[in-house]
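The values are calculated or read from the model by the stated rules, or taken from the named source; none is laboratory data. The structure displayed is predicted, hence computed values, not measured ones. Here Cβ is always computed from backbone atoms with ideal geometry, including for glycine, and neighbour counts include all displayed protein chains.
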Amino acid sequence: MIDLIGEEKMMAFAGQCAAVFSDAAIDGGLIFLEGDLGAGKTTFSRGLMRGFGYVGPVKSPTYTLVETYDVLAVQKEGPQADQRLPLTVCHFDLYRVADPEELEFMGIRDYLEGAHLCLMEWADKGSGFLPAADLILSIADIEDGRQLTWQASTEKGQSWCQQLNLIDV
């Protein structure tokens, strides 16, 4: 858990998360972003993209359902340590999805397979069609900022949680 005061702190924290999630370039990853409307889910996504070195606009996928970004992710360990591997980050907003079957029509399985990091807002709208998230990142309003909490659903998510606990902004 971390309390972040101001958008700059949210962007800084999210930027540091890029190093944590970089292993998704090898075997993918799924993160559910939870929070009320306006909580900062897209702001977090924008900060994460900056952390990956992406310099273009990072838009909310509210009307497009998904926005994709191609980045390079520096690997921390293993045989590819210090190498920059291609990674596609897929940012979903399922708020407008009326029926989970719509995900099948948009080709959700293609996004969830392979070396993609999928950020999913309003994942509850895809209940029954989405696998368990590696990580659930919750954003809540506090008096003068946001509070982020995280929990793991997979072994990969547990590793990510341990690394997130070490981030200090």
Checklist entry - Residue check: is residue 14 under 16 Å from the mean Cα position of the chain (by Cα) and either under 17 Å from residue 148 (Cβ atoms) or charged (D, E, K, R) (or both)? => result yes
Checklist outcome for this item: Those residues of the range 133-153 that are within 15 Å of the chain's Cα centre (by Cα) and assigned to a loop (DSSP other than H, G, I, E, B) come to a total of 3
Checklist outcome for this item: Exactly one of 130, 103, 117, 72 is part of a loop (DSSP other than H, G, I, E, B) and surrounded by 12 or more Cβ atoms within 10 Å (Cβ to Cβ), and that residue is 130
Checklist outcome for this item: Of (1) among the acidic types (Asp, Glu); (2) over 17 Å from residue 19 (Cα atoms); (3) touching a helix residue (DSSP H, G or I) at 6+ places or on another chain (Cβ under 8 Å), residue 143 satisfies every one except (3)
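When you check residue 93 against the structure, is it buried (at least 23 other Cβ atoms within 10 Å of the Cβ) and modelled with pLDDT of 90 or more, yes or no?
yes
This table checks each residue for (1) assigned to a helix (DSSP H, G or I); (2) at positive phi; (3) of a type in the set (S, T, N, Q); (4) out of contact with any Leu (no Cβ under 8 Å at 6 or more places or on another chain).
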| residue | (1), (2), (3), (4) |
| --- | --- |
| 15 | yes, no, no, no |
| 43 | yes, no, yes, yes |
| 56 | no, no, no, yes |
| 99 | no, no, no, yes |
Checklist entry - Out of all the residues in the range 76-89, is one or more of a type outside the set (Ser, Thr, Tyr), under 24 Å from residue 138 (Cβ atoms) and within 11 Å of the chain's Cα centre (by Cα)? => result yes
Checklist entry - Which of the residues spanning the range 1-40 are at pLDDT below 90, closer than 24 Å to residue 125 by Cβ and surrounded by 22 or more Cβ atoms within 10 Å (Cβ to Cβ)? => result 24, 40
Next on the checklist: Can you tell me which condition residue 11 does not meet? The list is (1) part of a helix (DSSP H, G or I); (2) without any contact (Cβ under 8 Å) to a residue 60 or more places away in the chain; (3) within 28 Å of residue 107 (Cβ to Cβ), and all the others hold.
Outcome noted: (3)
Checklist entry - Does the range 59-75 contain at least one residue that is acidic (Asp, Glu), within 14 Å of residue 22 (Cα to Cα) and more than 13 Å from the chain's Cα centre (by Cα)? => result yes
Checklist entry - Can you tell me which residue in the range 109-129 is modelled with the highest pLDDT, limited to those that are among the hydrophobic types (A, V, I, L, M, F, W, C) and over 16 Å from residue 41 (Cβ atoms)? => result 112
